[in-house]
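Written out below as structure tokens is the structure these notes cover.
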Amino acid sequence: MLEAPIISTHTRVHEIAEPYWDEAYDVIVIGAGFAGLTAAIEASNSGASVVVLEKMRAPGGNSIISDGGIAAAGTPMQQRLGIEDSPQLMYADMLRAGLGINHPDLVWEVAFRSAEVFQWSVDYLGVQYLDRLDQFGGHSVARCFTAVEVSGATIIRRQMEKLRDLGVEIRLQTSLQGFVRDTDGRVTGVRVQEDFEPSHPEVEGDRLLQARMAVVLATGGFGGDVRFRSVQDPRLTADIDTTNKTSATAEALIEALRINAMPVHLSHIQLGPWSSPDEKGFGVGPRFADYVVFQYGMAVNPDTGRRFVNELADRKTLADAILAVGKPCIGIADAHAVAQSGWNIERGLEKKVVREFDELSQLASHYGIPADALQVTLERFNRCIEEQADPDYAKPVIAEAAPLSHPPYYAMRLWPKVHFTMGGIQIDVRGRVIDLNGKTIAGLYAAGEVTGGVHGACRLGSCAITECLVFGRIAGRNAAAEPA
Ligand SMILES: Cc1cc2nc3c(=O)[nH]c(=O)nc-3n(C[C@H](O)[C@H](O)[C@H](O)COP(=O)(O)OP(=O)(O)OC[C@H]3O[C@@H](n4cnc5c(N)ncnc54)[C@H](O)[C@@H]3O)c2cc1C
């Protein structure tokens, strides 16, 4: 019999002494992105019965639309290429970008396990990566691998296949509505809404699912939740576009807060500096900006025609610098840079997000940049490349970079968009959720973007996938080690 749940007027949390459950599993994972699917794989491989609950009609979350870039330090490929890297260096890079407010133990876990988890994705999941390594802003060395198809879908597909082989169900249109706890406060299950429709979230029909061992919360970030994000950072209103899916909302995070999970860094919200105001969402511009302009080219203030930042700085430094200019800035590269980067920029050109110019003066006139000033900037920038040193902005000069003197020139407008939420609920290195008193919430684990602390004030590019896989594995294994 279903006991009358104790529901206080202030919370929607069920506290039930001896509930009637509609279904029971050992481990219930909420969210079918990188973190949740990884946790489900590990929990299942540890012998637990597992179900993954996903509110949308399709799995994948933001993970499936990501570029599939994953950072790993001290890998065989780096060694082959003579790149000296280590978990210590990656840890130092992440802390520096995060302005030192990252939780050091979590950062270390990610950096230390980065090579191992990358190899796991190759050996166990069967993910294939492009035969290249990239150095994104804020990383001291090239350590970023990119999944083939340049898409997180490559990784998600492999994870789904594994879960199918393991017999783990991914139940779609099933939305977490609240946690069920026993009278000792242990999370014993979840209240969910089936047949969930984002356009009609108020539909009734809750069911109670028991988690005999634990629940793993992996519901991602809240970059698509204008109300929640603009409370944390009032600048981030609906006027600022986002690269996130509309499903990246905060309701599951809020449910965790309702049961006293400790919030961490909620107002630290990352703006992607490589996005274009000439298209909606993530689009095709970031690939040109991140892989071509920032690595091989330069960015200028259209009013002055001058550079204004180290283009290989971390995302926060870059986005803040563009916002300080106050209008879209212009990222510039040439034919040699495009060839050197190895990227096909046709889609950007087709969508007119990236533009091609035979002469620098045409580029200047198109964007309203003073042509003489731009010519002076270009010559100065080219000297930096030749001399392998940038006295103006200390941009690390990539060894293969060449002076921008091979027309046609390519350019795009740069304007930041909401991309990633560094904040979330606190976890410890075992993936256990921590409450307001600094104690673990029994029966509750979390992983991925719903957690806070790993990235501090600024996440470095390609470190989110590493984090999701590292903490997804940890949370899944430890959840399945709880007593049933
Ligand atoms: C366009 C784009 C490109 C990116 N590229 C990269 C990259 O190349 N490298 C990198 O490291 N990072 C990248 N990132 C960031 C990275 O992809 C994300 O941080 C990461 O995928 C988050 O994974 P996750 O599993 O935590 O959440 P998600 O993948 O977002 O999955 C969370 C899932 O939980 C579901 N959910 C939410 N609430 C509920 C609920 N109440 N009930 C049930 N289910 C719920 C969501 O629908 C979603 O499917 C990118 C992000 C974007 C948006």
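What to note about this one:
- Output for segment 435-471, where each listed residue is within 14 Å of the chain's Cα centre (by Cα), within 13 Å of the ligand (Cβ to nearest atom) and closer than 24 Å to Asn260 by Cα: Ala447, Gly448, Glu449, Val450, Thr451, Gly452, Val454, His455, Glu467, Cys468, Phe471
- Filtering segment 158-175 to residues that are surrounded by fewer than 17 Cβ atoms within 10 Å (Cβ to Cβ) and more than 20 Å from Glu197 (Cα to Cα) leaves Glu161, Arg164, Asp165, Leu166, Gly167.
- Within segment 97-137, being surrounded by fewer than 18 Cβ atoms within 10 Å (Cβ to Cβ), part of a loop (DSSP other than H, G, I, E, B) and polar (S, T, N, Q) holds for one residue alone: Gln128.
- Scope segment 112-153; condition in contact with a strand residue (DSSP E or B) (Cβ under 6 Å, 6 or more places away or on another chain), modelled with pLDDT under 95 and of a type outside the set (D, E, K, R); matching residues: Phe136
- Criterion violated by Asp314 - all others in (1) modelled with pLDDT under 95; (2) acidic (Asp, Glu); (3) surrounded by fewer than 23 Cβ atoms within 10 Å (Cβ to Cβ) satisfied: (3)
- Residues that are in contact with a helix residue (DSSP H, G or I) (Cβ under 9 Å, 6 or more places away or on another chain) and away from the ligand (no atom under 16 Å from the Cβ) are absent from segment 279-289 altogether.
- Residue match in segment 320-327 (condition: at pLDDT 95 or above and in contact with a helix residue (DSSP H, G or I) (Cβ under 7 Å, 6 or more places away or on another chain)): no
- Yes/no for Ala333 being buried (at least 24 other Cβ atoms within 10 Å of the Cβ) and either assigned by TED's automatic domain parsing to the domain that holds Gly368 or touching a residue at least 40 places away in the same chain (Cβ under 8 Å) (or both): yes
- Test: residue in segment 432-448 that is aromatic (Phe, Trp, Tyr) and in the same structural domain as Ser230 (by TED's automatic domain parsing): yes
- Entry remark, segment 331-377: residues being of a type in the set (Phe, Trp, Tyr) and part of a strand (DSSP E or B) number 1 in total.
- Any hit, segment 376-383, residues being crowded, with 16+ Cβ neighbours inside 10 Å and charged (D, E, K, R): no
- Segment 186-197 residues that are closer than 9 Å to Gly443 by Cα, paired with ones that are not in a strand (DSSP E or B) (beta carbon under 8 Å, 6 or more apart): Val187/Ile259; Thr188/Ile16; Thr188/Pro19; Thr188/Asp182; Gly189/Pro19; Gly189/Trp21
- Scanning segment 210-237 for residues that are free of Cβ contacts under 8 Å to residues at least 24 places away in the same chain and more than 16 Å from the ligand (Cβ to nearest atom) gives Ser230, Val231, Pro234, Arg235, Thr237.
- Test: residue in segment 40-50 that is within 17 Å of the chain's Cα centre (by Cα) and modelled with pLDDT of 95 or more: no
- Filtering segment 56-87 to residues that are assigned to a loop (DSSP other than H, G, I, E, B), more than 16 Å from the ligand (Cβ to nearest atom) and either in contact (Cβ under 8 Å) with a residue 60 or more places away in the chain or under 16 Å from the mean Cα position of the chain (by Cα) (or both) leaves Leu81, Ile83.
- Every residue from segment 395-428 that is more than 19 Å from the chain's Cα centre (by Cα) and closer than 30 Å to Ala261 by Cβ: Asp428
The values are calculated or read from the model by the stated rules, or taken from the named source; none is laboratory data. Note that the structure is a prediction, hence the values are computed from the model and not measured. Positions of Cβ are generated from backbone atoms using ideal geometry, with glycine treated the same way; all protein chains shown enter the neighbour counts.
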